[in-house]
Every structure is written in C-alpha cells, then in structure tokens.
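Please treat every number below as a calculation from the coordinates, not as lab data. Since the model is a prediction, treat every value here as computed from it, not as a measurement. FYI the Cβ positions are ideal-geometry reconstructions off the backbone, even for glycines, and counts take in every protein chain you see.
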Amino acid sequence: MTVIIIVCIVVVIIGFVYLLMTFYPPFGGKTPREKLTKQIHRSNYFNGRFFNTLPTSVSNGMGVTISMLVKFIKGNPQGRPSVPLPVELVDPHFVKENQQDYVIWFGHSALLVVINGIKLLIDPMLGNSPSPFPFLGGKRYGKLPMEIEDMPTIDAIILSHDHYDHLDYGSMLKLKEKVKHFFVPLGVGAHLERWGISQARITEMDWWEEAGFEGLTLACTPARHFSGRKFVDKEATLWCSWVICGEQTKLFFSGDSGYSPHFKEIGQKYGPFDMTLMECGQYDERWAGVHMFPEQTIQAQVDVQGKLMIPIHWCGFTLAFHDWTDPVERALKAAKEHDVHISTPRIGEIVWMGSSNYPVSTWWRELITHNNLSGK
C-alpha cells in the first residue's frame, strides 16, 4: 500500500509539473524545429539547440551546488542597497516630443534608446522580479523612472535573449499595445506570439543578419551566453548582441555575454561606436564563460572600438554573490587603466549621444556614505 501511495504522489507531481510547463503563460512558447531549421543561416544550431562558437560551460555538480547554497543561505549584507536608489523621473511628454539622440537607463539591462527620433526599448524587463513566479524572486532595487502606463508609443522593442531578467511576461503584456514592432533572436518570437503579439509584428534574426527599420539599420550580432525559460528548453532559442546604426550615430548593445573574440569581430565589421551599452555585473567564477568580469568588459569595449560606454546589467536585481557596487567600481578602475571613457548615469538620467558632457558622478558612493553616517 505504501508503495502505491508513493507512486501515486510521484505521478501527481509529474502531472502537475507537466501541466505547469505546458500551460503557464510566463514560460512562453516553442518554435517548431522545422521552422527554425529553415530560418538558420549559420552553423550555430544542431539537433534542436543553439551553441556558442567557443566551447562554453557553466560549472555545476554537487560540490558547486552545495557551495552556492551555502553562500545563498549565508547571504551578503552588501548584496543589494539598503535604501531606495536615487531615480531621475522621466517626463513622458519629453520622450514623445524630443527628436535628439539619447539613452535612458532603467536599471539592469533595460534601456530607452532614441536615434533619429526612433524610440527603441532594449530588453525592457520592467517588472518587480526576474522570475516566472514574481512572488518568489528577488525584488527590484527601486522604482522605475517612468511607468509603462505613462510611456508614449514605442517604435520597436529589441530583445537579446529569453532569460527572465531580460524578457518579462508582465512587462510584455503591458507594452504590446504600445509597440509597433519587435526584433528578436531566432526562436524568441514564439514567446511573444503566445502572449498575443502577431507574427507580422515580429522579426526574428540570426547572427550577422541585418534589417532596415524606419531609416535605421539593426544588426543581430553574436554573444557568448545561453537561453531557456524552463528546465526542458535550454538553448532552444538564440541569444545575441545588437548593433544599431542611424544617420549620424552608431550604438552597440552587448546583451549578456562572456568575453570572446566576437567583440573584436563586431568592432572590425561595424565599429567604431559612438556609444556602447556593456554588461559588467552578475558575474562569478562558476559562470565566467557566459558573463564577463568588469575588467573583461573594458577589454570588450576596446575590442568593439567604443568611444563612450555605459555599464549595464548591474543596479537592478541581485543575481550573483558580489557586492552590488562591485561591478561599476571595478569597471571604473579598469577603464582608467585603459583610458576608456565611461558614463555612470543615475537610473532615469539622460545621456546625450555625441555630447562631451555626460554623467560621470559616483552617486552610489554618496548613497553608501549617507547610509554609514546615518547608521543604517
């Protein structure tokens, strides 16, 4: 009898997991393999999975899992800010009317980019938690500079991959009626289609493919990372970086990536860039192949021939074990050693492209100093 009960419990659990994976909307959709095979133009796909051009692995195993669990339980008091972050509120009327080239950082990797008057949202994870179950995940450090409901019409959303800290179900539901078009790497369109966005509004692209859009040229370029929204779909969709070229401005967005020769290849083909938006946070020795350390970020900036860099993928969520300010501090130190120009805007602060007057304050140090003086 006991065996029967155990078997029944296991069957119920398996059935529940299957139903959850199949019908829970935040997990997204799935592109038929035959459709992907027809779309692919390069040799980065085999047997239903995409892969990196360099051998790339993430350390795992029982020992690694236990060490990470110990660190997680122990926690890091400096892993997230202890008080709300300073945020520059963005006027929706300004976004609607201003035609100059600029970038506004929303924290983590979410950005509003305006080039030639064309408004682009990049990886707009604007939810409160990067998780399929928002009540379980770590929370955003502070408020947004502008709520989705207040945003004017957006010309296009550009996505780098389908991880939860870059592609958020709740954000997409709110944004989909405000956005004209979506540019995504191969396979990611299936998620959007499941969430009610028509295929006609989605352009899926492979590495090194280019698309014209409202006078801009968008190039889907390589990254060294991985993908997946549930246990059974790892590497089922492509990940990428992006090049955005306007009449007078060229911009590079790194997406999530470990360091590799693709940065130099991108620089040789499309550089130099007026501005780059480069990942520098959420790193660890155990996943060094898929996320850069800040010093590698600076080398990548040199490789792509970037003139001004905004460090991203920090200051939004705690997804690694380092102090929350380590990424920007290490990036600044390395940038000074390599004569690399960095802009460090507050969340919501405007960075004008092509201007020599850009944000360089160390606002996070002021925040920490204030906390120490107040005894928090």
Between residue 34 and residue 268, what is the spin-label point distance in nm, taking each point 7 Å from the Cα along the Cα→C-beta axis? 3.9 nm
Sorting check: for 312-319, 110-117, 84-91, which peptide has the highest mean count of neighbouring beta carbons within 10 Å, and how do the rest follow? 312-319, 110-117, 84-91
Amide H contacts of residue 213 (H built 1.01 Å from N, under 5 Å, at least 5 apart or other chain): 218
Net charge near residue 121 (other residues with Cβ under 13 Å of its Cβ; Lys, Arg +1; Asp, Glu -1) is +2
Which FRET efficiency value, to the nearest 0.05, is calculated for residue 51 and residue 357 with the Förster distance at 51 angstrom and r the Cβ-Cβ distance? 0.75
May I ask you to list, by number, the DSSP H helices of the chain whose Cα span along the axis is at least 27 Å and whose average Kyte-Doolittle hydropathy reaches 0.0 or more? 2-23
Would you calculate a helix-derived [θ] at 222 nm for the chain, using -39,500 (n - 2.57) for each DSSP H run of n ≥ 4 and dividing by the full residue count, to the nearest 500? -8500 deg cm²/dmol
Non-local Lys pairs in the stretch 198-310, i.e. 8 or more apart or on different chains, that have alpha carbons under 18 Å apart: 5
At 0.36 nm per residue, minus the direct Cα-Cα distance, what do residue 147 and residue 133 gain on full extension? Give it in nm, one decimal, please. 3.0 nm
Run the quick spin-label model on residue 4 and residue 366: label points 7 Å from Cα toward the beta carbon, then report their separation in nm to one decimal. 7.2 nm
For the chain, what is the percent of antiparallel DSSP beta bridges, rounded to the nearest 5? 55 percent
What does the extension gain come out to for residue 234 and residue 198, with contour length at 0.36 nm per residue minus their alpha carbon separation? 10.5 nm
Taking 305-311, 250-256 and ranking on average Cβ neighbours within 10 Å, highest first, one gets 250-256, 305-311
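Between residue 210 and residue 83, how high is the FRET efficiency from 1/(1 + (r/R0)^6) when r is the Cβ-Cβ distance and R₀ = 51 Å? Nearest 0.05. Could the numbers behind the result be given before it?
Details: r = 44 Å, r/R0 = 0.87.
According to the calculation, E is roughly 0.70.
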Report the FRET efficiency, 1/(1 + (r/R0)^6), for residue 96 and residue 74, where r is their Cβ-Cβ distance and R0 is 56 Å, rounded to 0.05. 0.75
